[in-house]
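Q: Take a look at this one; I'll ask things after.
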Ligand SMILES: [Cu+2]
């Protein structure tokens, strides 16, 4: 009887995590519209190449494969939360970056600490803005495939999402 109960419980939990926005309901955080692009340094267009060239730490990896992840984080809770880190198996390091314009040059910087998601607010990681940088891919990103990401929030804890890889 005990094993049957555990079995049903397991099924129930996996069913919850198959929902597209697999959030922690008590925290109010949901993650939606998760997608990725491969970024090949030597194949990037001028704009991106300048951004990457200006980027500390990427210059030394000329020719290595990187990727980006874009996503939307909603906080329906009454308290602010913070995205602390991102983990994935497909690269050596995943960092939260922000692209900004400085003196008409596109710059990309790792954010200083963590990314705040205000109470009742939405933060969109999108091209030319916040993004998750996948540095030194250990496997190639193939359009149509999905990669697994683990997002760690200060209050909501771990939220696992799948990111759809789009074509460049
Ligand atoms: Cu970046």
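Values in this text are rule-based calculations from the coordinates and carry no lab data. Note that this is a predicted model, so its numbers are computed, not measured. Note that we place each Cβ from the backbone using ideal geometry, even for glycine, and neighbour counts take in every protein chain shown.
Q: Using a 10 Å cut-off around each Cβ, can you sort 105, 88 from fewest to most neighbouring Cβ atoms?
A: Least to most surrounded, the residues fall as 105, 88.
Q: How do 123, 142, 161 rank when sorted from fewest to most other Cβ atoms within 10 Å of their own Cβ?
A: Ordered from fewest to most neighbouring Cβ atoms within 10 Å, 123, 142, 161 come out as 142, 123, 161.
Q: Rank the residues 163, 85 as a footprinting-exposure proxy: fewest other Cβ atoms within 10 Å of their Cβ go first.
A: Taking fewest neighbouring Cβ atoms as first place, the list is 85, 163.
Q: Can you classify region 99-168 as rounded, prolate or oblate using the Cα gyration tensor, where a ≥ b ≥ c are the square roots of its eigenvalues, rounded means a/c under 1.5, and otherwise it's prolate if a/b beats b/c and oblate if not?
A: Here region 99-168 falls in the oblate category.
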